[in-house]
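**Q** Below: one structure in structure tokens.
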Amino acid sequence: NEPLFRRYMAKAKKSAVQIVKKKWVPMYASHEFNKQRIGETYITKPQDALGKHVTMNLMTLTLDPKKQNLSVSFVVDSLEQDGVGCSCVGFQMSPVSLKKIVKRGRTKISDSFTVQSKDKKTVRIKPIILTRSHASQSVCTQLRTQARSLIAVSLSKSPYSQFVRDVLSKKIQRSVHEMLKKTAPLSVCDIRAFK
């Protein structure tokens with residue numbers, strides 16, 4: 001009987017639908033940021049958040065207005081008691097702030113290279129150097145080589161988490177600037193990004 005068949009199929013379709021409840025799960029930053037809460041994610045279970053990427057303004061994390069031109073990237077990689085934990089996987093200066101520091105009559109030196117940390121994590125680092133006046137090609141090459149060597153040595157001697165702290169506190173940038181200014185007067189010596 002066709003009407004009975006249709007009624008049976010309608011019941012079967014209704015029973016196949018499962019209601020999945022989602023909930024807001026808090027997200028916590030890594031140890032470099034004192035495990036502070038950085039937001040929430042809307043998921044069915046905490047395991048679903050693993051691998052999720054989040055980017056935040058550094059000013060929000062440090063409450064320092066001077067760091068509003070910097071952003072930090074996190075990835076969810078652990079489960080906490082009441083939420084999920086994130087690790088810092090990147091750092092970047094905003095394109096607007098980079099345009100502001102580059103001025104006429106100065107030479108901009110950019111670089112990009114990979115280094116392995118003491119705990120065997122491969123990091124791509126992108127430094128930026130700006131001289132106080134126009135610099136020759138040979139001076140630029142010398143500054144780029146010196147900066148690469150100094151940053152590589154610093155990272156190879158420390159674990160990745162310590163490197164993150166040193167970059168955020170500008171400890172590495174200050175030490176590199178002190179060494180490079182012996183070669184040429186510099187206006188800027190910074191790390192524009194790492195990943």
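**Q** Apply 1/(1 + (r/R0)^6) to the Cβ-Cβ distance of residue 60 and residue 153, taking R0 = 30 Å, and write down the FRET efficiency to the nearest 0.05. Don't jump to the answer; show the numbers that get you there.
**A** On the way: r = 32 Å, r/R0 = 1.07.
The pair residue 60/residue 153 has a calculated efficiency of 0.40.
**Q** Calculate one ³J(HN,Hα) per residue across segment 73-79 by plugging θ = phi - 60° into the Karplus curve 6.51 cos²θ - 1.76 cosθ + 1.60, and present them in order as whole Hz with x for glycine and proline.
**A** So the J values, rounded to whole Hz, are 9, 10, 10, 6, 9, 8, 9.
**Q** Could you do me a favour and compute the accessible area per residue for the chain, 1.4 Å probe, result in Å²? Before the final figure, lay out each step's value.
**A** Numbers: 12290 Å² over 195 residues.
Heavy-atom SASA per residue in the chain reads 63 Å².
**Q** Under unit Cβ charges (Lys, Arg +1; Asp, Glu -1), what dipole magnitude, rounded to 20 debye, does the chain have relative to its Cα centre?
**A** On the way: 37 positive and 13 negative charges, 109 e Å.
Computed about the Cα centre, the dipole is about 520 debye.
**Q** So how far, in whole Å, is the C-alpha centre of segment 126-166 from the one of segment 174-195?
**A** A separation of 6 Å, based on Cα centres.
**Q** Same structure again: When the accessible area of the chain is split by element with a 1.4 Å probe, what percent falls to carbon and sulfur? The partial results should precede the final answer.
**A** On the way: 6540 of 12290 Å².
Roughly 53 percent of what the probe reaches on the chain is carbon or sulfur.
**Q** So what is the relative contact order for the chain, in percent, with contacts set as C-alpha pairs under 8 Å and at least six apart?
**A** Values: 313 pairs, mean separation 32.8, N = 195.
The value is 17 percent.
**Q** Percent antiparallel among DSSP beta bridges with both residues in the chain, to the nearest 5?
**A** Working: 36 of 38 bridges.
About 95 percent, rounded to the nearest 5.
**Q** Ranked highest first by the average count of other Cβ atoms within 10 Å around their residues, in what order do 55-61, 41-47, 126-132, 73-79 fall?
**A** Values: 55-61: 16.0, 41-47: 13.6, 126-132: 20.1, 73-79: 17.7.
Ranking the peptides 55-61, 41-47, 126-132, 73-79 by packing returns 126-132, 73-79, 55-61, 41-47.
**Q** Quick one: length gained pulling residue 120 to residue 138 fully straight, 0.36 nm per residue minus the C-alpha distance? Before the final figure, lay out the partial values.
**A** Working: separation 18, 0.36 × 18 = 6.48 nm, distance 3.31 nm.
Taking 0.36 nm per residue and subtracting the Cα distance, the gain is 3.2 nm.
**Q** Per residue of segment 42-48, what does 6.51 cos²θ - 1.76 cosθ + 1.60 with θ = phi - 60° give for ³J(HN,Hα)? Whole Hz please, x for Gly and Pro, Karplus curve as stated.
**A** Values per residue, Gly and Pro as x: 9, 9, 7, 9, x, 4, 5 Hz.
**Q** Another question, if that's okay. Please work out which option in [x] 111; [y] 183; [z] 207 gives volume of the Cα convex hull per residue in Å³ calculated from these coordinates, and answer with its label.
**A** [y]
The values are calculated or read from the model by the stated rules, or taken from the named source; none is laboratory data. The shown structure was predicted, so the numbers you read here are calculated from the model rather than taken from an experiment. Don't worry about glycine lacking a Cβ; one is built from the backbone with ideal geometry, like all the others, and counts go over all protein chains shown. The accessibility values were calculated without ligands, DNA or RNA, using every heavy atom of the protein model including side chains. Shrake-Rupley method; radii C 1.70, N 1.55, O 1.52, S 1.80 Å.
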